[in-house]
Amino acid sequence: MNFNKAIIAGNLTRDPEIRSLPSGQSVASFGVASNRHYTDKEGNKQQSTEFHNIVAFGKRADICSRYLKKGMPILVEGRLQTNNWQGQDGVKRYRTEIIMEFMQMGPRLAGAGSSSPTTPVETPDQAELTPISQEEIPIIEAEEPIETKDENSVNPTKDESISSEKETETKEEVDVNNIPF
């Protein structure tokens, strides 16, 4: 069994650089820094930072170039890929990158990517990117009855409505308190 998956959560170290392949496909590359906090043998709190190279292709690259700015929090999921090449000095060089397959932007920070720390980042599709408030999420109480309608019949005849009444009388009711999860 083989598995190649990387999940990184951190902040962008630079704005995405966008370029195009000869085929016309967009490619975006940017860096993400992730921090690790730990306690050393002496009991002192320490922090180490890792820098990751991220590459996105196609529509993901266009989205990255449009919405991402230096300093923004991001979660990236993808696969590891190592490229090698011969440098001008004759030395073989290596670069490990994460090829992005999924991305989730973090909460908007007031100063991320803008010249003024009090101005939030504005985008044309801001309505799509704003998080849903708790008031917009419907809450269904356990005691609330759930209405269902028969999709097969639009206007039932008298005989059909009588038979559907008999079916509802014989169906067993489910108590949500008895569900094991």
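Taking only the stretch 50-93 into account, find how many residues are exposed (fewer than 14 other Cβ atoms within 10 Å of the Cβ) and part of a loop (DSSP other than H, G, I, E, B). Residues that pass the stated criteria total 5. Within the stretch 29-49, if we keep just the residues that are in contact with a strand residue (DSSP E or B) (Cβ under 7 Å, 6 or more places away or on another chain) and basic (Lys, Arg), the residue that is farthest from residue 105 (Cα to Cα) turns out to be 45.
When only residues in the stretch 1-34 that are among the polar types (S, T, N, Q) and touching an Asp or Glu at 6+ places or on another chain (Cβ under 8 Å) count, which is farthest from residue 98 (Cα to Cα)? It comes out as 26. The set of residues in the stretch 20-49 being surrounded by fewer than 17 Cβ atoms within 10 Å (Cβ to Cβ) and either touching a residue at least 40 places away in the same chain (Cβ under 8 Å) or on the phi > 0 side of the Ramachandran plot (or both) consists of 24, 43.
FYI, it's all coordinate maths here, none of it is from the lab. Everything numeric in this text was worked out from a predicted model, so none of it was measured. Cβ coordinates were reconstructed from backbone atoms using ideal geometry, including for glycine residues, and neighbour counts include every protein chain displayed.
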